[in-house]
Structure formats: structure tokens, C-alpha cells
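Everything below concerns the one structure shown next.
Where a number appears in this text, it was derived from the coordinates with a stated rule and is not lab data. These figures come from a predicted structure and were not determined experimentally. Cβ coordinates were reconstructed from backbone atoms using ideal geometry, including for glycine residues, and neighbour counts include every protein chain displayed.
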């Protein structure tokens, strides 16, 4: 599941004329970084939801060659947010656990591909949700206070109030479809299912290997491109 329907308001004025997933970093649209990473991890089918400048994004992703095969989940009529958009796409995603990834998340890989690690480490006996998390202090372009703490077994807990958490959600995770049972039919955030899994003791994290880059504003693009160039030197 590639979450690509957001308005990208913090990326204005670039998103006045295009969806954020088509903003280029290092010469390629953000969504192509994501789809190429899915392909490299052996994923053959991807659902992409569309809303903001939907025609442009749909034309772009359907014009790609090779894998993954693209299936579009249309949210032109109503933006459903991350959780509602994922729930809306469940008929296309099937009944097995699936990866959901933000269309604007980007990172420099470590030794092993992170999406392959994420899929390999998901244990349906213990987990309903396994999130890829990055070190708050080491992430490029991120100046927030983090999202989660993690214990020695990988259980995630929410950041305590007024404290900085060591890990930030890196925009990708494996989700069991049952997490979306009895959730709202309209817009809602994936945070709802994060908390549902956490309350059941079934929310886990996997630390990203490499460097995660937060490309939230136009100014952050240059910082991300500099990090990419440095990693290839």
C-alpha cells in the first residue's frame, strides 16, 4: 500500500501544481524512489491511492514499466487520511499482512534492504503491526521530538509527554488486516491502528539500517540530495 493521496501543504508552492509524490529529489519523483524500492524487495503488486492532483499521479504511476504492477485506489471524492485510505484499499490488498509505505518516505539503505528486513521480521504470532523506525537524532531533515520508545524485545510505546523519544516512525510498516476491523468508515489516521496494536501488546518496531530523510518542506530537498550524494562518494 503506497499512501500517496495527501495534500502536501507543507511542500507548497511545489504542490500547488503537482501532488507531493511527484516532487523530485535527486532527479526522480519521490514516488519512484518508493516504487523502485518495493520492486527491489521483490514486491510485485502495489496499490497507490490518489486524491490531490489525482490525474497527474495516476498517469505517472500507470506509465511505469515493470514491477510492481500498479493498482489505483481512487479517493478523488473524499480524502480518507492514512488509516481510512488503507482501509478503503483492503479489497485490493487481500487478506494477508501487507506493507504500507508513505509515498514521500525516502532513506539511504544500509547493508540490507530495509523493506526486505521488515517483511522477514514480521511474526504474525506475536505482532499485528511492525513499524520501521529511525533514530530521531540521526535522521536528516528531521527536527521533531520523535514518536516512540522501544524495549529490548522490540515493543513500541508512545513518546512520554514533554520528552524526546529515541525513535521516529520512518513511514513504512507491516500491518495485519484485522487491525482495521471496527474502524471508522470515513477518514482516520493510522495512529488509530498503531494504538490499537500497542494496547494489545502487538505493536513492534524494527530499527532502520542506514539514514532516514524527512523531506517535509522545499528547503529539505537540498539537504536530502546532499546526503544522497555524500553516501555515493
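Considering 36, 45, the condition of being touching a strand residue (DSSP E or B) at 6+ places or on another chain (Cβ under 7 Å), surrounded by fewer than 22 Cβ atoms within 10 Å (Cβ to Cβ) and closer than 21 Å to residue 131 by Cα is satisfied by 45 alone.
Rundown of residues vs (1) under 27 Å from residue 35 (Cβ atoms); (2) assigned to a loop (DSSP other than H, G, I, E, B); (3) touching a helix residue (DSSP H, G or I) at 6+ places or on another chain (Cβ under 7 Å), yes/no style:
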| position | (1), (2), (3) |
| --- | --- |
| 115 | yes, no, yes |
| 124 | yes, yes, no |
| 133 | yes, no, no |
| 145 | no, yes, no |
| 170 | yes, no, no |
| 174 | yes, no, yes |
| 182 | no, yes, no |
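Residues that are over 29 Å from residue 211 (Cα atoms) number at least 1 in the following strands (runs of 3 or more DSSP E) confined to the stretch 9-110: 69-74.
Residue pairs whose Cβ atoms lie under 7 Å apart, separated by 6 or more positions or on different chains, with the first residue in the stretch 49-67 and at positive phi and the second assigned to a loop (DSSP other than H, G, I, E, B), are 53/18; 53/19.
Table: residues versus (1) more than 13 Å from the chain's Cα centre (by Cα); (2) within 22 Å of residue 41 (Cβ to Cβ).
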| position | (1), (2) |
| --- | --- |
| 99 | no, yes |
| 103 | no, yes |
| 108 | yes, yes |
| 128 | yes, yes |
| 186 | yes, no |
| 197 | yes, no |
| 200 | yes, no |
| 204 | yes, yes |
